[in-house]
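A short write-up of the structure that comes next.
The values are calculated or read from the model by the stated rules, or taken from the named source; none is laboratory data. All figures in this text were calculated on a predicted structure; none of them were measured in a lab. In this analysis, Cβ positions are derived from the backbone assuming ideal geometry, glycine residues included, and neighbour counts consider all displayed protein chains. We work out accessible area using only protein heavy atoms, side chains counted, and drop any ligands, DNA or RNA first. Shrake-Rupley method; radii C 1.70, N 1.55, O 1.52, S 1.80 Å.
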Amino acid sequence: MGLLGILVGLGLLIALAYRGWTILLLAPLGALIAAAAAREPLLAHWTQTFMVSGGGFFAQFFPLFLLGAVFGKLMDDTGSVRSIADYMSDRLGPSRAILAVVLAGAAVTYGGVSLFVAFFVIVPMAQALFRAADIPHRLIPAAVALGTSTFTMSAMPGTPAIQNAIPMPFFGTTPFAAPGLGIIASVVMLLLGLWWLQARAGAARRAGEGYGHDAPGAHETAAADPLVRERATTAREFDPAEIGHGEHSRELPPIAIAALPLVLVVVVNFAMVMLILPALDTAFLAEERWGGTSLSAVGGVWAVVTALAAAILVLLAVSGWRLPSPRATIDAGANASVLPAVSVASLVGFGAVVAAMPAFELVRDWVLSIEGGPLVSLALATNVLAALTGSASGGLTIALDALGATYLQIAAETGIDPALMHRVAVIGAGTLDSLPHNGAVVTLLAVAGSTHGKSYLDLFMAAVVSALVALVVVIALGTLFGSF
């Protein structure tokens, strides 16, 4: 009965979340169903297991949600993201429209701009370029997803994406874990995705298929759609409902000014990890008043938080005067961080209750017994949970909450570098999370004015298959040569 309860609770959560029900109610409901089936105390699991675990995630990672969303909104309203998109359009032009869209999306998301902010700026850029090049409109979601939702989320060393931060406390790693493998994975995703999109564009050209037609008002409709919002807020760190709040600058900054905060995020992040934090005396963290922790457990989060904070301050210094209403912009960014953080925390609470069930030992033993070794089983666990929850961050945290300590022990016993496990876990979570029910996929299709029927095959090939191939490459190289 215990295992059946887990499956029923998970099935209810997935089915109703896909229909737009809020995860804030579904997650505790699913957890209580699992607890009831196992004849476990319901109220104790709700307040002592679900809430403690979800609250722990919120306390640990909300600064990243908050600063990431504020930074993204500031970059949007100052016109910095649009300036970067225009620069890519001008430099590469319609003849290299697909490459321009992919690189523009990669540049802004690797620099710390929230995914949904990027969608609302990169999609109009893609529409203009694809229209001029007469490339089918249906390929726009795949091109945008390749640049914003693949290697810059899970593979590029130092990416400030929340997904890259989640394994750090579990494995004692940094945002730059396994940098060589991350770069190789990024190249694999980028080249495979570009090859597919160029091949599809060429086939369409030979068949006489042109750009087609835009869906009028898709941007406004997507931002205001409550169904899109409910799905989106479990997928990434920005509430789409806040996109329209605040006011945009009437003047775009020069490209150097626009790109400066993005560069600063990467540089400060690297400096914190490699130079500043190791030089500090952090022995005090072992005291009870600081939670009895260590620099290895918190240093990665500190590095990303500091990088985003520094970028925000510099952005305000060089472009803040362009904002018609700085307070409205900052408020919108702060508000945009809350619902995604609480939604993912609710998924984490659900996972904690499931992991506490006696029947979960069967699941854990099955995962650990998968042939191919711990890297393969870790990749499969994060893949499956990200697919089921439709959230890379939610699936990744559930997997590591339940199995992270076990995998860290395995790493110590077998000599596997925890940095390798970090990179495998993040890339694994960033593959099957882009299935049709994923909030980012639903939002991107809505913003682009397309549908699953028209665009999902190409999005699947560019964002899912390329990431799966990269994951296989990383596991193979990691098994042969270790972390590098």
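For ALA128, work out the one condition from (1) modelled with pLDDT of 95 or more; (2) within 20 Å of ALA215 (Cβ to Cβ); (3) assigned to a helix (DSSP H, G or I) it doesn't fulfil.
Of (1) modelled with pLDDT of 95 or more; (2) within 20 Å of ALA215 (Cβ to Cβ); (3) assigned to a helix (DSSP H, G or I), only one is false for ALA128: (1).
Here is a list: VAL117, VAL113. Which entry is more than 21 Å from MET461 (Cα to Cα), assigned to a helix (DSSP H, G or I) and open to solvent by less than 10 Å² (accessible area, probe 1.4 Å)?
Residue meeting the stated conditions: VAL117.
Regarding ALA35, is this residue more than 30 Å from LEU459 (Cα to Cα) and either buried (at least 23 other Cβ atoms within 10 Å of the Cβ) or not hydrophobic (A, V, I, L, M, F, W, C) (or both)?
Taking the combined requirement at face value, the residue satisfies it.
Does VAL298 meet the test of being hydrophobic (A, V, I, L, M, F, W, C), in a helix (DSSP H, G or I) and open to solvent by less than 60 Å² (accessible area, probe 1.4 Å)?
Spelling it out, VAL298 is indeed hydrophobic (A, V, I, L, M, F, W, C), in a helix (DSSP H, G or I) and open to solvent by less than 60 Å² (accessible area, probe 1.4 Å).
Provide a single number: the residues in segment 374-424 that are in a helix (DSSP H, G or I) and acidic (Asp, Glu). Walk me through it before giving the result.
Going residue by residue through segment 374-424, those that are in a helix (DSSP H, G or I) are 374-389, 392-414, 418-424.
In the following step, the residues that additionally are acidic (Asp, Glu) were identified as 401, 413.
Going through segment 374-424 one residue at a time, the tally reaches 2.
Residues to consider are ALA256, ALA310, ALA341; find the one that is touching a residue at least 60 places away in the same chain (Cβ under 8 Å) and either part of a helix (DSSP H, G or I) or open to solvent by less than 30 Å² (accessible area, probe 1.4 Å) (or both).
That would be ALA341, the only listed residue that is touching a residue at least 60 places away in the same chain (Cβ under 8 Å) and either part of a helix (DSSP H, G or I) or open to solvent by less than 30 Å² (accessible area, probe 1.4 Å) (or both).
Select, from PHE171, PHE119, PHE176, the only residue that is touching a Gly at 6+ places or on another chain (Cβ under 8 Å), of a type in the set (Phe, Trp, Tyr) and closer than 27 Å to VAL70 by Cα. Reasoning before the result, please.
Numbers: PHE171 fails: closer than 27 Å to VAL70 by Cα; PHE119 fails: touching a Gly at 6+ places or on another chain (Cβ under 8 Å).
None of the others qualify; the one that does is PHE176.
Just to be sure I understand the filter: pairs with C-beta atoms under 9 Å, separated by 6 or more residues or on different chains, first member in segment 398-415 and touching a residue at least 24 places away in the same chain (Cβ under 8 Å) and more than 17 Å from ASP365 (Cβ to Cβ), second member of a type in the set (Asp, Glu) and open to solvent by less than 80 Å² (accessible area, probe 1.4 Å). Which pairs pass?
Qualifying pairs under 9 Å: ALA411/ASP417.
ARG327 - would you say it is modelled with pLDDT of 90 or more, of a type in the set (Lys, Arg) and part of a helix (DSSP H, G or I)?
Judged against the criteria, ARG327 is a match.
For segment 271-295, how many residues are touching a helix residue (DSSP H, G or I) at 6+ places or on another chain (Cβ under 7 Å) and either in a helix (DSSP H, G or I) or at positive phi (or both)?
So the answer is 8.
Condition first: farther than 16 Å from ALA177 by Cα and of a type in the set (A, V, I, L, M, F, W, C). Now tell me which residues in segment 252-267 satisfy that. Reasoning before the result, please.
Taking segment 252-267 and keeping what is farther than 16 Å from ALA177 by Cα, we get 252-265.
Residues satisfying the conditions are LEU252, ILE255, ALA256, ILE257, ALA258, ALA259, LEU260, LEU262, VAL263, LEU264, VAL265.
Which one is nearest to VAL263 (Cα to Cα), of the residues in segment 77-110 that are open to solvent by 10 Å² or more (accessible area, probe 1.4 Å) and of a type in the set (D, E, K, R)?
Going through the qualifying residues, I end up with ARG82.
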